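Have a look at the structure below before the remarks.
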2 protein chains.
Amino acid sequence: MAEEVVLFGAWFSPYSQRVRIALKLKGVQYKYVEEDLHNKSPALLEYNPAHKKIPVLVHNGKPIAESQVILEYIDETWHGYPILPKDPYERAIARFWAKYLDEKYNLPLKIKACWGEEKEREKALEEVSEILQFLETELKEKRFFGGETIGMVDIVANVIGLWLGAFEEASGVQLMKREKVPKLCDWIDEFVSSSVTKESLPPRDKLIVYLRNRFGGANVSK
Amino acid sequence: MAEEVVLFGAWFSPYSQRVRIALKLKGVQYKYVEEDLHNKSPALLEYNPAHKKIPVLVHNGKPIAESQVILEYIDETWHGYPILPKDPYERAIARFWAKYLDEKYNLPLKIKACWGEEKEREKALEEVSEILQFLETELKEKRFFGGETIGMVDIVANVIGLWLGAFEEASGVQLMKREKVPKLCDWIDEFVSSSVTKESLPPRDKLIVYLRNRFGGANVSK
């Protein structure tokens, strides 16, 4: 039986793009289905009834939801390029930072930091700054979080890699100060220009317009 | 070198107890350090600077934080009893439900459901009911979420296994209706009386007093 891999995603979602990057790293061919999140397909609702969210990867008819769960599945199903390291302790550290990123650097925080009222914005900006500082420390002298190559944390940190700058430009608010997190800034440059991620990330200009329309609303000119 | 395993935890925390259950299933000997969360030890702050939270497992001097990350580490480090299944798809499903539990059935929801103002409480109770219904469906005809034996989802679902009933008793609010989730109720009975979990779970009476004092406050008599 020929293998069938289908990804249900949305072009502007960093969570979908993680799956695209992982499938590209593994060299897996797949069919991509763009979901309209205002009018979700019956297939998506059937595949992910608990969350009703993208991304969903369907492998030979079996659905898997939640981007980090999908990344682990991809790593365990298709061998070759390693997304997680081999050593159990290094794997734990990668999982820790991947979880940290999604828990702490979440969408409500970004919206507050970019478009919140002054006090709320200041508080959110402090939180963002603390998160970036922890990531700077974790990067140490490495090229990628995964060492010499892109791994789990790099893929998950695409929310910083491309989206952070897009949020900055869409809102006019500076979220990251280069002098405070120079290694992380170098990492962003490497990440967005890598041949692997370049094709999997959405066009920056289109993303900025999208973010401004979706979250900026009347506040965008503040 | 003799192996050194230390767990920093708190007796009332379902997250610490997950690690205790996993170490027991694997037959790993360890030293347990009870943390005072009002006066955290310098060791805990050093081992988990990003969250400053228990549980932290320290294995031969190397710290790992976040209960689900620790469970994966334990499963990959000590062989024998399997916490996650072998098949990648089954592993993904277990990870999905473990993540679902921690994301959805979180502490703020429980506090609202038990001690919130009327409208807030009603809404929270509906959410709890939906979560339990999804778990009921996932259990199907299985004895445990892990099949015939306790696995990842069972360990994580200790927040339901012991804590749900304790929250009910501490608040006087019914969170779960037996007729709506009969399989889940059978699972709870099996889970709390299993020889593995019995010794790792805190005494129910003590837990109820603790929850009432910590969260109930003046609202408890409502």
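The values are calculated or read from the model by the stated rules, or taken from the named source; none is laboratory data. In this text the structure is predicted, and so the values were computed from the model without any measurement. Here Cβ is always computed from backbone atoms with ideal geometry, including for glycine, and neighbour counts include all displayed protein chains. Surface areas here come from the heavy atoms of the whole protein model, side chains and all, with no ligands, DNA or RNA. Shrake-Rupley method; radii C 1.70, N 1.55, O 1.52, S 1.80 Å.
Given the options B:Tyr15, B:Tyr47, name the one that is of a type in the set (Ser, Thr, Tyr), more than 19 Å from B:Ile160 (Cβ to Cβ) and modelled with pLDDT of 95 or more.
Values: B:Tyr15 fails: more than 19 Å from B:Ile160 (Cβ to Cβ).
Unique residue meeting the criteria: B:Tyr47.
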*In the stretch B:113-141, which residue that is open to solvent by 70 Å² or more (accessible area, probe 1.4 Å) and not acidic (Asp, Glu) is nearest to B:Glu190 (Cα to Cα)?*
B:Lys140
*asked:* Taking the condition of being touching a strand residue (DSSP E or B) at 6+ places or on another chain (Cβ under 8 Å), more than 10 Å from chain B (Cβ to nearest Cβ) and aliphatic (A, V, I, L, M), how many residues in the stretch A:43-82 meet it?
replied: 5
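This table checks each residue for (1) farther than 22 Å from A:Ser16 by Cβ; (2) hydrophobic (A, V, I, L, M, F, W, C); (3) assigned by TED's automatic domain parsing to the domain that holds A:Ala98.
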site: A:Trp163; (1), (2), (3): no, yes, yes
site: A:Val173; (1), (2), (3): yes, yes, yes
site: A:Met176; (1), (2), (3): yes, yes, yes
site: A:Leu184; (1), (2), (3): yes, yes, yes
site: A:Phe191; (1), (2), (3): no, yes, yes
site: A:Leu201; (1), (2), (3): no, yes, yes
site: A:Ile208; (1), (2), (3): no, yes, yes
site: A:Gly216; (1), (2), (3): no, no, yes
*Taking the stretch A:172-199 only, how many residues are open to solvent by less than 10 Å² (accessible area, probe 1.4 Å) and hydroxyl-bearing (Ser, Thr, Tyr)?*
1
*Would you mind stating whether B:Lys40 is more than 9 Å from every other protein chain (Cβ to nearest Cβ) and touching a His at 6+ places or on another chain (Cβ under 9 Å)?*
no
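If a residue has to be in contact with a Phe, Trp or Tyr (Cβ under 8 Å, 6 or more places away or on another chain) and assigned to a loop (DSSP other than H, G, I, E, B) to count, how many in the stretch B:31-47 make the cut? Can you show your working first?
Within the stretch B:31-47, the subset in contact with a Phe, Trp or Tyr (Cβ under 8 Å, 6 or more places away or on another chain) is B:33-35, B:41, B:43-44, B:47.
Right, trim to assigned to a loop (DSSP other than H, G, I, E, B) and you get B:35, B:41.
Counting residues in the stretch B:31-47 that are in contact with a Phe, Trp or Tyr (Cβ under 8 Å, 6 or more places away or on another chain) and assigned to a loop (DSSP other than H, G, I, E, B) gives 2.
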*Can you tell me how many residues in the stretch A:53-72 are buried (at least 23 other Cβ atoms within 10 Å of the Cβ) and assigned to a loop (DSSP other than H, G, I, E, B)?*
3
*Which of the helices (runs of 4 or more DSSP H) contained wholly in the stretch A:175-221 include at least 2 residues that are touching a helix residue (DSSP H, G or I) at 6+ places or on another chain (Cβ under 7 Å) and modelled with pLDDT of 90 or more?*
A:182-193, A:204-211
*Within the stretch A:22-30, can one find any residue that is among the aromatic types (Phe, Trp, Tyr) and either assigned to a helix (DSSP H, G or I) or not assigned by TED's automatic domain parsing to the domain that holds A:Gly172 (or both)?*
yes
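Kindly check whether there is at least one residue in the stretch A:149-169 that is among the acidic types (Asp, Glu) and either touching a Ser or Thr at 6+ places or on another chain (Cβ under 8 Å) or closer than 30 Å to A:Gly80 by Cβ (or both). Reasoning before the result, please.
Let us first name the residues in the stretch A:149-169 that are among the acidic types (Asp, Glu), namely A:154, A:168-169.
Add one more test, that the residue is either touching a Ser or Thr at 6+ places or on another chain (Cβ under 8 Å) or closer than 30 Å to A:Gly80 by Cβ (or both), and what stays is A:154.
So far as the stretch A:149-169 goes, yes, one or more of its residues are among the acidic types (Asp, Glu) and either touching a Ser or Thr at 6+ places or on another chain (Cβ under 8 Å) or closer than 30 Å to A:Gly80 by Cβ (or both).
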*Applying the selection to the stretch B:83-104, what residues are open to solvent by less than 10 Å² (accessible area, probe 1.4 Å) and facing chain A (nearest Cβ under 7 Å)?*
B:Ala92, B:Tyr100
